[in-house]
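*Asks:* Before I ask anything, let me first share the structure, which is written out below as structure tokens.
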Ligand code: ADP
């Protein structure tokens with residue numbers, strides 16, 4: 001019963017409207033029949049009118065019983081009422097069937113929605129039989145499923161990636177320790193090597209944990225102070241100039257003071273640091289990194305451009321996902337946790353800003369940050 005509620009409801013509503021229309025039409029017919037033929041019969045009986053004067057010459061009027069017209073009116077009324085009832089019932093049955101047919105795709109959609117669970121998010125509802133609004137609804141539902149599936153997959157891989165990212169440096173530390181233990185008389189040089197390896201692994205663990213903490217806490221951090229952008233850029237360039245120098249990369253910034261946005265200075269500083277750090281890290285000796293601050297009437301634009309190793313088209317669509325690292329950076333053993341750009345993206349969302357990337361392998365990469373100006 002519950003399953004057919006809409007079908008029954010529409011049928012009942014159509015039924016009520018149709019019955020009212022039939023009743024009115026039948027009442028009108030009955031009234032007209034009684035009015036014209038009933039009155040005519042009475043007048044005829046009283047001899048006040050003559051038989052149908054339009055009969056052709058020489059044709060005699062049929063022999064008419066005194067109550068001929070009353071009987072005819074009764075028969076007409078009876079037939080009209082029966083016809084009304086039969087037509088009404090037939091129309092109702094047809095309405096029920098037609099509505100059922102119209103709602104079939106909606107029922108199918110309802111059934112498919114009911115069958116969706118975390119184990120079959122890759123299923124899609126067939127669009128073939130749907131039409132009109134139901135087609136739109138099915139399409140929206142399928143698109144929502146795709147987004148859900150994507151979010152679910154990212155979440156599922158998140159824990160595995162985080163564990164892997166922490167396990168690798170821990171395993172490196174453990175094996176360095178075993179190597180040291182196996183040596184009966186380790187020298188100062190062996191200890192130094194062990195300490196250097198351990199420091200590198202610890203740095204990697206700290207970076208991963210910091211990234212994870214940022215991703216977890218970002219939503220609660222206030223982001224509504226007035227922040228001047230150029231001093232933050234200069235500070236980030238200053239902090240990364242040593243890394244740029246050791247990689248033989250020319251790092252410079254162009255911009256003007258006096259451009260401010262609403263936000264959190266620490267988080268925005270983090271965005272610029274992460275982008276500039278990547279531009280230096282994924283570069284080549286002799287390469288350049290240029291940070292430019294521009295503005296128009298209501299927006300501030302920060303562009304971080306490098307002429308480093310670049311990012312392939314397929315990788316470019318994933319770089320903002322947590323733990324994603326392009327094959328090139330893995331194969332070239334460039335250190336990183338794959339969390340930097342995920343944090344950048346979240347910070348930009350927190351600031352209602354935008355971040356876009358364009359790149360060509362071997363030519364370089366450009367990141368463009370857009371923020372609303374005060
Ligand atoms: P990571 O810790 O690996 O640097 P990110 O989230 O900052 O993590 O970056 C994700 C991936 O995007 C990197 O591993 C790298 O493959 C790619 N990438 C980011 N910035 C650049 C860049 N400027 N040039 C080339 N590749 C980049």
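*Asks:* Looking only at the range 280-318, how many residues end up being within 12 Å of the ligand (Cβ to nearest atom), free of Cβ contacts under 8 Å to residues at least 12 places away in the same chain and over 22 Å from residue 337 (Cα atoms)?
*Replies:* 0
*Asks:* State yes or no: is residue 112 under 23 Å from the mean Cα position of the chain (by Cα), within 22 Å of residue 152 (Cα to Cα) and either buried (at least 16 other Cβ atoms within 10 Å of the Cβ) or in contact (Cβ under 8 Å) with a residue 40 or more places away in the chain (or both)? So that I can check it myself, show each step before the final result.
*Replies:* Working: under 23 Å from the mean Cα position of the chain (by Cα): yes; within 22 Å of residue 152 (Cα to Cα): yes; either buried (at least 16 other Cβ atoms within 10 Å of the Cβ) or in contact (Cβ under 8 Å) with a residue 40 or more places away in the chain (or both): yes.
Yes; evaluated as a whole, the condition is true for this residue.
*Asks:* Where residues in the range 361-374 are more than 7 Å from the ligand (Cβ to nearest atom) and farther than 24 Å from residue 262 by Cβ, which of them is surrounded by the most Cβ atoms within 10 Å (Cβ to Cβ)?
*Replies:* Here the answer is 364.
*Asks:* Given 349, 358, which one is more than 8 Å from the ligand (Cβ to nearest atom), over 27 Å from residue 226 (Cα atoms), touching a helix residue (DSSP H, G or I) at 6+ places or on another chain (Cβ under 9 Å) and outside any loop (DSSP other than H, G, I, E, B)?
*Replies:* Numbers: 349 fails: over 27 Å from residue 226 (Cα atoms).
None of the others qualify; the one that does is 358.
*Asks:* Under the condition of being more than 8 Å from the ligand (Cβ to nearest atom) and modelled with pLDDT under 80, which residue from the range 319-344 is nearest to residue 206 (Cα to Cα)?
*Replies:* Ranking the candidates gives 333 first.
*Asks:* Here is a follow-up. Which of the residues that make up the range 229-279 are more than 16 Å from residue 302 (Cβ to Cβ), in contact with a strand residue (DSSP E or B) (Cβ under 9 Å, 6 or more places away or on another chain) and either in a strand (DSSP E or B) or within 16 Å of the ligand (Cβ to nearest atom) (or both)?
*Replies:* 243, 244, 249, 250
*Asks:* Among the numbered conditions (1) surrounded by fewer than 19 Cβ atoms within 10 Å (Cβ to Cβ); (2) at pLDDT 95 or above, tell me where residue 222 comes up short.
*Replies:* That leaves (2) as the condition not met.
*Asks:* Anything in the range 339-360 that is crowded, with 21+ Cβ neighbours inside 10 Å and more than 24 Å from the chain's Cα centre (by Cα)? List them, or say none.
*Replies:* Hits for the range 339-360 are 340, 359.
*Asks:* Can you confirm whether the range 115-130 contains a residue that is part of a helix (DSSP H, G or I), free of Cβ contacts under 8 Å to residues at least 12 places away in the same chain, over 17 Å from residue 10 (Cβ atoms) and within 36 Å of the chain's Cα centre (by Cα)?
*Replies:* Of all residues in the range 115-130, those part of a helix (DSSP H, G or I) come to 115.
With free of Cβ contacts under 8 Å to residues at least 12 places away in the same chain added as a condition, the list becomes 115.
Cutting the leftovers down to over 17 Å from residue 10 (Cβ atoms) gives us 115.
From the residues that got through so far, the ones that are within 36 Å of the chain's Cα centre (by Cα) too are 115.
For the range 115-130, residues part of a helix (DSSP H, G or I), free of Cβ contacts under 8 Å to residues at least 12 places away in the same chain, over 17 Å from residue 10 (Cβ atoms) and within 36 Å of the chain's Cα centre (by Cα): present.
*Asks:* Among the residues of the range 171-228, how many are assigned to a loop (DSSP other than H, G, I, E, B) and farther than 29 Å from residue 293 by Cα?
*Replies:* Residues that pass the stated criteria total 5.
*Asks:* Just one of the numbered conditions (1) within 30 Å of residue 337 (Cβ to Cβ); (2) under 22 Å from the mean Cα position of the chain (by Cα); (3) modelled with pLDDT of 80 or more is not true of residue 156; which one?
*Replies:* Every listed condition holds for residue 156 apart from (3).
*Asks:* Also: List the number of the failed condition for residue 150; all other conditions in (1) within 13 Å of the chain's Cα centre (by Cα); (2) modelled with pLDDT under 85; (3) surrounded by 15 or more Cβ atoms within 10 Å (Cβ to Cβ) hold.
*Replies:* Unmet for residue 150, out of (1) within 13 Å of the chain's Cα centre (by Cα); (2) modelled with pLDDT under 85; (3) surrounded by 15 or more Cβ atoms within 10 Å (Cβ to Cβ): (3).
The values are calculated or read from the model by the stated rules, or taken from the named source; none is laboratory data. Note that this is a predicted model, so its numbers are computed, not measured. Cβ: placed from backbone, ideal geometry, glycine included. Neighbour counts: every protein chain shown.
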